[in-house]
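J.: Got a structure for you, questions after.
The values are calculated or read from the model by the stated rules, or taken from the named source; none is laboratory data. The structure presented is a predicted model; accordingly, all values stated were derived computationally and were not measured. Backbone-built Cβ (ideal geometry, glycine too); neighbour counts: all protein chains shown. All accessible areas refer to the heavy atoms of the entire protein, side chains included, with ligands and DNA or RNA removed. Shrake-Rupley method; radii C 1.70, N 1.55, O 1.52, S 1.80 Å.
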Amino acid sequence: MSASGGTKAIVAALVANLAIAVAKFVAYLFSGSSSMLAESVHSLADSGNQGLLLLGGKKAKREATPEHPFGYGRERYIYAFLVSIVLFTVGGMFAIYEGYEKIHDPHEITNWYWPVGVLVFAIIAESFSFRTAIKESNTVRGNLSWRQFVKRAKAPELPVVLLEDLGALVGLILALGGVGLALLTGNGVWDGIGTLCIGVLLIVIAIILAAETKSLLLGEAAGVEDVEKIKVAVVDGHTVTRVIHMRTLHLGPEELLVAAKIAVKSDDTAAEVAEAINAAETRIREAVPIARVIYLEPDIYQAAAAAPDPAKTLGGDGH
């Protein structure tokens, strides 16, 4: 994912959510709708989440230090994980609490045109934000399905914004449904039920985000295509004859560590091996530009003595 693409989607979502949050809160003040209050808090939480993503992107650009020699690329994962926590607590749990209170103490919605008008405006504004996120995601997701893109993306910003915007649109429809039924029936319980549904929706999205960002925080390997490119780039057929085993690890969305044991010929000199390793590192960086840190260990390949590679999908040959 390009940094500019992710930033564009985040900024679009931030502007939309700030405007929507203000409009929803004004509608709540005039109508007393709990759905509108829950939705205004939801939009405010989303605005804070976009701020967290922008902050994480900025902090991730810091130069490496002796204390953090591999840099700060994972800051983006940390802040994305914080987003899931905010969405769960401030968004989901608050909405469930507000819905529970409204069901137990329902009251009539007044000035119905405020919540209905604001919800229609919010759906239009959120649709533009969602469209931007889809457009930016399509430039990087390739042939992956949307589910695969959210699961496999190494840059967390676009999947987070996509799920947030999707949740916001569905939440707005739920809020509109709750308000509409409350107005048609004259029973404010429907407004509370709509609010409860919004809370459950936000919690489900928060759990999905937390699971995906947790995986990134723990450390994920390069994608299958990048692993294959690296394996092909390492072997030159002359000095480097094969990859004995290899590990890859994302230090950040655009920073990849590559560590491999490579087979060289037994009669090669130290100078020839060193030259071959330097050439292999150059080829790796040309094939996969995000490969920033590369460690190649030369060895003499012996099939009987080679340790099995427990992570074949990470690039080992399994010998």
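J.: Output the residue which, of all residues in segment 45-65 that are free of Cβ contacts under 8 Å to residues at least 60 places away in the same chain and surrounded by 21 or more Cβ atoms within 10 Å (Cβ to Cβ), is nearest to residue 125 (Cα to Cα).
T.: 45
Rundown of residues vs (1) among the basic types (Lys, Arg); (2) more than 27 Å from residue 31 (Cα to Cα); (3) at pLDDT 85 or above, yes/no style:
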site: 65; (1), (2), (3): no, yes, yes
site: 91; (1), (2), (3): no, no, no
site: 107; (1), (2), (3): no, no, no
site: 127; (1), (2), (3): no, no, yes
site: 132; (1), (2), (3): no, yes, yes
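J.: Sticking with this one: Is it the case, given these coordinates, that residue 227 is on the phi < 0 side of the Ramachandran plot, touching a residue at least 60 places away in the same chain (Cβ under 8 Å), open to solvent by less than 50 Å² (accessible area, probe 1.4 Å) and touching a helix residue (DSSP H, G or I) at 6+ places or on another chain (Cβ under 8 Å)?
T.: Here the answer is yes, as residue 227 does meet what is asked.
J.: Does residue 11 fit the bill of being without any contact (Cβ under 8 Å) to a residue 60 or more places away in the chain and under 30 Å from residue 182 (Cα atoms)?
T.: In short, no.
J.: Condition first: farther than 27 Å from residue 193 by Cβ, charged (D, E, K, R) and in contact with a helix residue (DSSP H, G or I) (Cβ under 7 Å, 6 or more places away or on another chain). Now tell me which residues in segment 19-69 satisfy that.
T.: Hit for segment 19-69 is 59, nothing else.
J.: Then there is this: Out of 51, 57, 91, I need the residue that is under 15 Å from the mean Cα position of the chain (by Cα), more than 30 Å from residue 248 (Cα to Cα) and not charged (D, E, K, R). Which one?
T.: Every option except 51 fails the conditions.
J.: Out of curiosity, is residue 257 in contact with a Lys or Arg (Cβ under 8 Å, 6 or more places away or on another chain) and in a strand (DSSP E or B)?
T.: The answer is yes for residue 257.
J.: Continuing with this model, one more query. So for segment 248-256 (the condition being surrounded by fewer than 16 Cβ atoms within 10 Å (Cβ to Cβ) and in contact with a Phe, Trp or Tyr (Cβ under 7 Å, 6 or more places away or on another chain)), does at least one residue qualify? Outline the logic, then answer.
T.: The initial filter retains those residues of segment 248-256 that are surrounded by fewer than 16 Cβ atoms within 10 Å (Cβ to Cβ), namely none.
Within segment 248-256, not a single residue is surrounded by fewer than 16 Cβ atoms within 10 Å (Cβ to Cβ) and in contact with a Phe, Trp or Tyr (Cβ under 7 Å, 6 or more places away or on another chain).
Matching residues to (1) part of a helix (DSSP H, G or I); (2) open to solvent by less than 10 Å² (accessible area, probe 1.4 Å); (3) more than 19 Å from residue 9 (Cα to Cα):
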{"position": "134", "(1), (2), (3)": "yes, no, no"}
{"position": "163", "(1), (2), (3)": "yes, no, no"}
{"position": "171", "(1), (2), (3)": "yes, yes, yes"}
{"position": "193", "(1), (2), (3)": "yes, no, yes"}
{"position": "196", "(1), (2), (3)": "yes, no, yes"}
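J.: Within segment 25-44, track down each residue that is more than 28 Å from the chain's Cα centre (by Cα), assigned to a helix (DSSP H, G or I) and not polar (S, T, N, Q).
T.: 25, 26, 27, 28, 29, 30
J.: When residues of segment 209-243 are filtered for being modelled with pLDDT of 90 or more, in a loop (DSSP other than H, G, I, E, B) and within 27 Å of residue 156 (Cβ to Cβ), how many remain?
T.: Result for segment 209-243: 3.
J.: Another one. Being assigned to a loop (DSSP other than H, G, I, E, B) and open to solvent by less than 50 Å² (accessible area, probe 1.4 Å): is that true of residue 71 here?
T.: yes
J.: Output the number of residues of segment 96-124 satisfying the condition of being crowded, with 21+ Cβ neighbours inside 10 Å and either under 28 Å from the mean Cα position of the chain (by Cα) or not in a helix (DSSP H, G or I) (or both).
T.: Final tally of qualifying residues: 3.
J.: Additional query: Check residue 93 against each of (1) buried (at least 18 other Cβ atoms within 10 Å of the Cβ); (2) under 24 Å from residue 210 (Cβ atoms); (3) not acidic (Asp, Glu) and name the one condition it does not meet.
T.: (1)
J.: Further, regarding this structure: Output the residues belonging to segment 22-39 that are open to solvent by 10 Å² or more (accessible area, probe 1.4 Å) and not aromatic (Phe, Trp, Tyr).
T.: Selection gives 22, 23, 26, 29, 32, 37.
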